Amino acid sequence: MAYHIKTAFRGTNPILQICDVSSGSVRMAWEYPKDDLERGEDPELLAMRREEAIHDLFRRLFLLTTEQYLKGELEPMPGLGAWRRAPRPGAK
């Protein structure tokens, strides 16, 4: 399954949208949380929300990749150390 990845900024906040190319459906949409310092929120709380948003992004990307793997849409990953077993050019 191929995806079209759209990235942009809404003000100073990055946004990400991953769409399925064949159906056009949105598989994942994510926006970095906005700073609400003008509303008097605690800066530490805002930092924690930003960190949670990034963790959520990677969790969702992991789940999307896992779904593709389980459906057989991804190539199998090479085994550990596979890069070492490849013959080097000019090696005997």
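Just so you know, all these numbers are worked out from the coordinates, no wet-lab data involved. Being a predicted model, the structure only gives us computed values, none of them experimental. Note that each Cβ is placed from the backbone with ideal geometry, even for glycine, and that neighbours are counted across all protein chains shown.
Some points to look at:
- Full extension of the chain between ILE5 and HIS55 gives 16.1 nm of extra length, using 0.36 nm per residue less the Cα-Cα distance.
- Separation of the ILE15 and GLU41 label points, Cα + 7 Å toward Cβ, nm: 1.7
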